Amino acid sequence: METKIKSSRETLQRVSSISTMKEISQSLRKQNLTIGFVPTMGCLHAGHLNLVKRSLETCDRTVVSIFVNPTQFGPNEDLDTYPRQLESDIEKLETLGIDILFHPTQEEMYPAGYKTYVQVQDITEHLCGKSRPGFFKGVSTVVLKLFNIVQPHNAYFGEKDWQQLAVIEALVEDLNLGVAIIRVPLVRETDGLAMSSRNRYLSPQERQTALSLSRSLQQARDSIRQGITSAKVISKSIRQCLSEKEGTEIDYISICDPKNFTKKEEIRGRTLIALAVKVGPSRLIDNCIIEEF
Ligand code: PAF
């Protein structure tokens, strides 16, 4: 069932059925209108809104999806408690003036008997792919489905999820999807914390502790600028910074090639430093790119 709700600018169309969403996209394409797409799991923050703004600036119509995708959560992960706040998300999207919100149900996306998954290989064996088995299989599957349904010209993704972006780029290239993937830089809170829907699980004290992620990356940048190129030395100092306060559990610190995620011994050429750290109930990720020097 579709609902139309009033927006401050125009009318935001809420669509939950796959067939209706496909019909709308086909009609927009017939009219030669470009479709920008921002897939999300909701609980929208300034990072998401930045993606939406980029789409609004460049495309004739913008579609945002909100769907907490069960196939990308592991059995002991936070699917049940993942924050959901549809009404306030809608208010934010209305204020920005997007055209269509696609928010299918779980049954609509994965009906009983569902059996098809896609898997990007190699680059998913590192970092988050290693510590969250099945995560990228779930992401690739849902993104492919969403692309088939929304049929966007452009799709916008944040560089905070650096590896996810690389996986989606590979998916698009290998399966000839014909969607332009637009990378948008990571957005931080004023104190440096990378924006994430999972930040809201943090207590005030845990939030302070979480600042060690961005701080450790900043320190690493400074050391590299001063001429330290040993990945071992940089990694050790990041570990030290992350362990200064109690309550952090390091999942990984990776100093690697930003395209294929293979480990680097020496920081030469373009390098990705990526972290995943559990702080209280939240598994947080952050990263920075060291440009060639
Ligand atoms: O980055 C996310 O929010 C999700 O992984 C995505 C791309 C919407 C797929 O569920």
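The values are calculated or read from the model by the stated rules, or taken from the named source; none is laboratory data. As the structure is a prediction and not an experimental result, all values here were calculated from the model. Glycine also receives a Cβ, built like all others from the backbone with ideal geometry; neighbour counts cover every protein chain displayed. Heavy atoms of the whole protein, side chains included, go into the accessibility calculation; ligands, DNA and RNA do not. Shrake-Rupley method; radii C 1.70, N 1.55, O 1.52, S 1.80 Å.
Can you compute 3J(HN,Hα) from phi for each residue in segment 231-245, using the Karplus curve 6.51 cos²θ - 1.76 cosθ + 1.60 with θ = phi - 60°, rounded to whole Hz and x for Gly and Pro?
The phi angles translate into 4, 5, 5, 5, 4, 5, 6, 5, 4, 5, 4, 5, 9, 4, 9 Hz.
Beyond 35 Å, what share of the Cα-Cα pairs of the chain is found? Please give it as a whole percent.
Numbers: 8658 of 42778 pairs.
Of all Cα-Cα distances in the chain, 20 percent exceed 35 Å.
On a full-extension model of 0.36 nm per residue, what is the gain between Asp78 and Tyr117, subtracting their alpha-carbon distance, rounded to one decimal in nm?
On the way: separation 39, 0.36 × 39 = 14.04 nm, distance 2.12 nm.
Length difference between fully extended and current span is 11.9 nm.
Set the Förster distance to 30 Å, then compute FRET efficiency between Ser131 and Glu291 from the Cβ-Cβ distance, nearest 0.05.
E(calc), rounded to 0.05, equals 0.65.
Can you tell me the FRET efficiency between Glu87 and Arg200 if r is taken as the Cβ-Cβ distance and R0 is 22 Å, rounded to the nearest 0.05?
0.90
With θ taken as phi - 60° and the coefficients 6.51, -1.76 and 1.60, list the Karplus ³J(HN,Hα) couplings across segment 149-161 in order, rounded to whole Hz; mark glycine and proline as x.
After applying 6.51 cos²θ - 1.76 cosθ + 1.60, I find 7, 7, 6, x, 7, 10, 10, 10, 9, x, 6, 4, 8 Hz.
In debye, nearest 20: dipole of segment 56-121 around its Cα centre with unit charges on the Cβ of K, R (+) and D, E (-)?
Here the size comes out at about 280 debye.
Give a residue-ordered list of calculated ³J(HN,Hα) values for segment 94-108 (Karplus: 6.51 cos²θ - 1.76 cosθ + 1.60, θ = phi - 60°; whole Hz; x for Gly, Pro).
5, 4, 6, x, 6, 8, 9, 10, 9, 9, x, 7, 4, 5, 5
Calculated from DSSP H runs of 4 or more alone, at -39500 (n - 2.57) each and per residue, what is the 222 nm mean residue ellipticity of the chain, nearest 500?
Mean residue ellipticity at 222 nm (helix-derived): -11500 deg cm²/dmol.
Taking the Cβ of Gln208 as the centre, find all other residues whose Cβ is under 14 Å away and add up their charges (Lys, Arg: +1; Asp, Glu: -1).
Once all neighbours under 14 Å are counted, the net charge is -2.
Near the amide H of Met41, under 5 Å away, which other amide H atoms are found, from residues 5 or more places off or on another chain, if H is placed in the peptide plane?
Those lying under 5 Å, H to H, from Met41 are Phe67.
I'm checking a number: the convex hull volume of the Cα atoms of segment 91-206, normalised per residue, in Å³. What is it?
That works out to 163 Å³ per residue.
In segment 40-118, if the dipole is taken from +1 on Lys/Arg beta carbons and -1 on Asp/Glu beta carbons about the Cα centre, which of Tyr117, Gly97, Gly74 is farthest to the positive end?
Tyr117
Per 5 Å bin from zero, what fraction in whole % of the C-alpha pairs of segment 152-276 is there, up to the bin with the longest pair?
Taking all Cα pairs of segment 152-276, the binned fractions are 2, 9, 17, 19, 19, 15, 10, 6, 2, 0 percent.
Keeping all protein chains in the complex and leaving out DNA, RNA and ligands, what accessible area do you get for Arg54 with a 1.4 Å probe, in Å² to the nearest 10?
Per-residue accessible area (Arg54): approximately 80 Å².
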